[in-house]
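The structure under discussion appears below in the form of structure tokens.
The values are calculated or read from the model by the stated rules, or taken from the named source; none is laboratory data. Keep in mind it's a predicted model, so treat the numbers as computed, not measured. Here Cβ is always computed from backbone atoms with ideal geometry, including for glycine, and neighbour counts include all displayed protein chains. Note: areas computed on protein heavy atoms with side chains; ligands, DNA, RNA excluded. Shrake-Rupley method; radii C 1.70, N 1.55, O 1.52, S 1.80 Å.
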Amino acid sequence: MISPGDRIVAGVSGGADSVCLLEMLLAYGKRVPLELCVVHVNHGLREEAAEDAGYVEELCRRRSLPFFLTEADVRQTALEERCSQEDAGRRIRYRAFRQAAERTGAVKAAVAHNSNDNAETMLFHLFRGSGLKGISGIAPMRTEQGGICILRPLLCLERQEVEVYLRERGILWRVDKTNQGDDYRRNRIRHHILPYAMEEVCAGAVGHMLQTAAQLQETERYLGEQTGKALEQCAQAVSGEETAMGKWDTAPGEAVRESGDPPGRPEEKGLHGPCAAGYRVDVKAFQSFHEALRGRMLLELMKRLSPTGKDISSVHVRDVLSLFEREGNRSVSLPFGIRAGRRYDRVILERAQAEAGPAGEEQRLWQPPVEVPLTEELFRAPVRCDLGNLGEMEFSAFFIKKAGELPQNQYTKWFDYDKMEERAVIRFRSKGDFLTIADGAGKVAHKSVKDYMIAEKIPRHLRDGIPAVAFGSHILWLVGWRISEAFKVRGDTERVLQVKFIKKQGSGTEEKNVGAH
């Protein structure tokens, strides 16, 4: 990981892991010459965050180390960049590492993940149905966008070993209270599932999972290389000017150039065109590869077309795979406004393009999903989410003594806050989505969103453009239509989540009288 003369940025929060990382780098630096600087990020989420920053700054002062402090508003960043607070915090940290690296000439940054973190990550991704890359856990080394190499020197140590190391040396550390509660799903794995596995299943569970992670990462690297080689042989990038599917059509029987380009179209070979807004995949060439690679190939293309690379699932991959299995001009809609369609002997994937507004101005198409953390901050200030050409959605929360008249407004809904999960997602419908609906006999039942839309006679051409607020596949609110019974405000409700959809003028969202829905 470290060569003589390296300049390294160390991320130090003040917690046990990062303080241990700093001490071990300093100890290693006595044997191998290296230059070290420290970055601390104040995320603006906790009252004691300033004290953590002061503690780390004092550590650096006593050791004569350069100290870089970044103060950021994670909540605001999450809203602006349409991501969760957890993801926003990560982005802010790595930006801070890159900035410090640029100032000091460093090319490496060290962070303090340990083997327990790795095991928690593996379980978290396994439970969520992630692929091989997800359950491979955290890599000991990887190159971050921007060229900086991320090092994780403590990945071989368990959390208990880290704390013993510090206690033996009389070194204090700061405690992040947010890690002690069970508000976050990762914390539940940390506090309950992993300890149970170590106590009741296998005492060496964490170490064994670390070994498995190394094997999976090796397999993932190999498959990643094979996926890239396969795509170079059957897929081509195309520019935004060529992404309209109709422009790529070739009449049945019409000859196609050896490059795979339709007649009259300038060649743009390879997967990395200067303005790649879509990809053409040759069906016959694609089907010549092993099934183990096909899904990975499509997943890679869809991730390149999406703004974050997230929320493309196995369901979406299967939908696109089906286009290769049956002839006929068909298409499927995917997250982020991505569309895939079969055109004769090729399948085309493209991202949504901007549209002209009423006065000819360009409108930004909304690219879902948007994650909305449903924290208690909503009781202090509402959060607004920009939905591009559709409008905005506002989330707020308040206390009530008695649930009286509920709002009958089609685009303002109340929900029982205490039944909420950690975060909701605003998106369009997806396969497997369902609503919880009263059956008229005092019970509730699940009803697929597809069946609900058919029963309500929602026009087919509108169904994929109706925004929904969801927890996984459970739809909290199909905007403008129905809310789920499972989250309704009842007589014993004390805290209310209010969600308001604010339409953009001229958005074309169909209105109807929804009565008491």
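Details
- All positions within region 1-57 that are in a helix (DSSP H, G or I) and either among the basic types (Lys, Arg) or touching a Lys or Arg at 6+ places or on another chain (Cβ under 6 Å) (or both): 52, 55
- Whether a residue is modelled with pLDDT under 80, surrounded by 13 or more Cβ atoms within 10 Å (Cβ to Cβ) and within 13 Å of residue 298 (Cβ to Cβ) was assessed, and residue 320 does not pass this test.
- The number of residues in region 78-102 being modelled with pLDDT of 85 or more and under 17 Å from the mean Cα position of the chain (by Cα) comes to 6.
- Filtered by the rule that a residue be of a type in the set (Gly, Ala, Ser), modelled with pLDDT of 85 or more and open to solvent by 50 Å² or more (accessible area, probe 1.4 Å), region 477-513 gives no residues.
- Top-ranked residue in region 87-130 [being basic (Lys, Arg) and outside any helix (DSSP H, G or I); ranked as surrounded by the most Cβ atoms within 10 Å (Cβ to Cβ)]: 108
- Residue 185 open to solvent by 90 Å² or more (accessible area, probe 1.4 Å), touching a helix residue (DSSP H, G or I) at 6+ places or on another chain (Cβ under 9 Å) and either without any contact (Cβ under 8 Å) to a residue 12 or more places away in the chain or under 22 Å from residue 130 (Cβ atoms) (or both): yes
- For residue 296, the conditions (1) surrounded by 13 or more Cβ atoms within 10 Å (Cβ to Cβ); (2) at pLDDT below 90; (3) of a type in the set (D, E, K, R); (4) within 27 Å of residue 221 (Cβ to Cβ) all hold with the exception of (2).
- Matching residues, region 133-142, being part of a helix (DSSP H, G or I) and open to solvent by 50 Å² or more (accessible area, probe 1.4 Å): 133
- Residue within region 48-56 that is open to solvent by 50 Å² or more (accessible area, probe 1.4 Å) and in contact with a helix residue (DSSP H, G or I) (Cβ under 8 Å, 6 or more places away or on another chain) present: no
- Residue 171 vs. criteria open to solvent by less than 50 Å² (accessible area, probe 1.4 Å), closer than 20 Å to residue 87 by Cα and not in a helix (DSSP H, G or I): no
- Given (1) over 28 Å from residue 164 (Cα atoms); (2) hydrophobic (A, V, I, L, M, F, W, C); (3) touching a residue at least 40 places away in the same chain (Cβ under 8 Å); (4) surrounded by 20 or more Cβ atoms within 10 Å (Cβ to Cβ), index of the condition residue 59 fails: (1)
- On the stretch given as region 466-507, residues that are outside any loop (DSSP other than H, G, I, E, B) and among the small types (Gly, Ala, Ser) total 3.
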